[in-house]
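**Q** Dropping a structure here in structure tokens format, bear with me for questions.
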Amino acid sequence: MNIIFALLCLVATASQAGAWGEDGHRGIAEAVQDHLQAPTVNAIGKIVGTGDTLPPGTLARLSIWPDQIRALTKNPHATIPGFSPAEMEEARQFVAAHPDNTNWHFVDLPPGAAHYPDLAHPDLADPTLPFTSTTDVVHMIHQSVDILEGRTDSATFTKLQALRWLLHLSEDIHQPLHVASGYYSTAADTLSHPTMLTDPTEVTKQHGKNDRGGNVLLFLAAPTCPTKPTHENLHAIWDDCLVDVVGGAKGCVSKTTDKTVARVADHLKTRMQDPASQAFLMQGDYHRWPEQWATDSVHVAAAGVFPSALDSGCVILDAKRPHPPVHVQSRVVTPATKSAYLQAHKADADIQLTKAAVRLADLLNHLQWKE
């Protein structure tokens, strides 16, 4: 579902395209790097040009590239801090070749979806199929794997770029609001008590409009409609604040530093060593794991990630009427505060971050790397 174009760019910039935020992405990748087997280290070292070793922070730096280049999707003349001229040129060429890359980070399944569709054996009658796309997070993980294993060649998508995207998207897919979105019936322009549609069939039947993965479910006392992009929203809480709390902070951290990343990474390294975390490993063909990860995340979202009560809902209309409404913005009523939500879902976020680290390390160690 699209939003008024300018607002879409701003909202996506604020959160949806950057699951876990920098602390989360770098923290997961740091933990994963400690669990790579020697053949995997050698294969990655050849791709990044470090030989048969990986200097500390290698995967962490690679994992945030897909978020860093997002500035260029809005302004091709933008500069990215820390990028050399050659790196800027690479990023510009990639974005020019793949202008839709901001859509690769997520899929908007209704919370009641039983699963992400089986891509190996697609069922055209599957009610979740209309909510997927060939450039959603699951498909793009598959494409990255195919490039790294040599089954797909692309002049505009190198192995290094595929590695960056594989790391990033494998982390994204474990953030529940990068897989699930709330949908609502929009019979009126204002909704005093928005009721979520969870069944994919009902969403389709009622032409439900979504909340962009919680981006416009707001922890504000009296939001205007539309409210300017703000981090006081459900999606941003999962991207940033919950990661900070899992890392030991009392609340949201205003700035990512090496210290804040290290806190998250050290915590995840400990969690990965816990034998109980082995339960997060997947079975069967690793090429089918992304669908399983997405299915798991939408089930987590359905189990209580969304607020239990909303109020002051409104429908954001396309600027060029009579186009239909494009999404629903609402105020979170229960829980009443962001801090209450953080405390209620700290353990959930801890589990999802740990799943991401355990499963990404396992996938990298399973890949049949193509030189």
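Only the coordinates and a few stated rules stand behind these numbers; no lab work does. In this text, all values refer to a predicted model and were calculated from it rather than measured experimentally. Cβ: placed from backbone, ideal geometry, glycine included. Neighbour counts: every protein chain shown.
**Q** Which angle between 0 and 90 degrees, to the nearest 10, do you get for helix 38-48 versus the longest principal axis of the chain when only C-alpha atoms count?
**A** With both axes taken from Cα atoms, the answer is about 80 degrees.
**Q** Oh, and also: Give me the distance between the Cα centres of the stretch 243-322 and the stretch 85-150, rounded to whole Å.
**A** The stretch 243-322 and the stretch 85-150 have Cα centres spaced 18 Å from each other.
**Q** Here's another thing I want to ask about it. Relative to the Cα centre, what is the charge dipole magnitude of the stretch 229-309, using +1 at the beta carbon of each Lys and Arg, -1 at the beta carbon of each Asp and Glu, and rounding to the nearest 20 debye?
**A** Numbers: 7 positive and 10 negative charges, 53 e Å.
For this selection, approximately 260 debye.
**Q** Report the equivalent ellipsoid semi-axes for the stretch 200-309 in whole Å, largest first, defined as the square roots of five times the eigenvalues of the gyration tensor built from alpha carbon atoms.
**A** Working: eigenvalues 166, 125, 23 Å².
Listed largest to smallest, the semi-axes of the stretch 200-309 are 29, 25, 11 Å.
**Q** How big is the Cα convex hull of the chain in projection, averaged over all directions, in nm²?
**A** Working: hull surface 71.9 nm².
Averaging across all directions leaves 18.0 nm² for the Cα convex hull.
**Q** Mind computing the radius of gyration and Dmax over the alpha-carbon atoms of the stretch 70-200? Å is fine for both.
**A** 17.9, 53
**Q** Can you give the Rg to Rh ratio of the stretch 242-369, both from alpha-carbon atoms, with Rh computed by the Kirkwood formula?
**A** Numbers: Rg = 18.8 Å, Rh = 17.6 Å.
The Rg/Rh ratio comes out at 1.07.
**Q** Let me ask something additional. If eta is 0.692 mPa s and T is 37 °C, what Stokes-Einstein diffusion coefficient results for the stretch 159-259, Kirkwood Rh from Cα pairs, in µm²/s? Each step should come with its number before you reach the end.
**A** Numbers: Rh = 16.0 Å.
The Stokes-Einstein estimate is 205 µm²/s.
**Q** Kindly express, to the nearest 10 degrees and within the range 0 to 90, the angle between helix 289-300's C-alpha long axis and the longest C-alpha principal axis of the chain.
**A** 40 degrees
**Q** Next question, about the same structure. Can you list, largest first and rounded to whole Å, the semi-axes you get for the stretch 140-211 by taking the square root of 5 times each eigenvalue of its Cα gyration tensor?
**A** With the √(5λ) rule applied to the stretch 140-211, the semi-axes are 38, 12, 10 Å.
**Q** With runs of 4+ DSSP H residues as the only contributors, calculate the mean residue ellipticity of the chain at 222 nm using -39,500 (n - 2.57) per run, divided by the residue total and rounded to the nearest 500. Spell out each step's value before the answer.
**A** Working: 14 runs with 152 residues, N = 371.
That comes out to -12500 deg cm²/dmol.
**Q** Along the positive direction of the dipole of the chain (beta-carbon charges: Lys, Arg +1; Asp, Glu -1; about the Cα centre), which of Met272, Pro66, Ile147 reaches farthest?
**A** Value: Pro66.
**Q** In the stretch 5-366, how many lysine pairs have Cα atoms under 16 Å apart, counting only pairs 8 or more places apart or on different chains? Before the final figure, lay out each step's value.
**A** Values: Lys46/Lys159; Lys250/Lys259; Lys250/Lys338; Lys250/Lys346; Lys259/Lys269; Lys269/Lys355; Lys338/Lys346; Lys346/Lys355.
So the count of such lysine pairs works out to 8.
**Q** For the chain, find the longest principal axis of its Cα atoms and tell me its angle to the long axis of helix 159-172, 0 to 90°, nearest 10.
**A** Between helix and principal axis, roughly 40 degrees.
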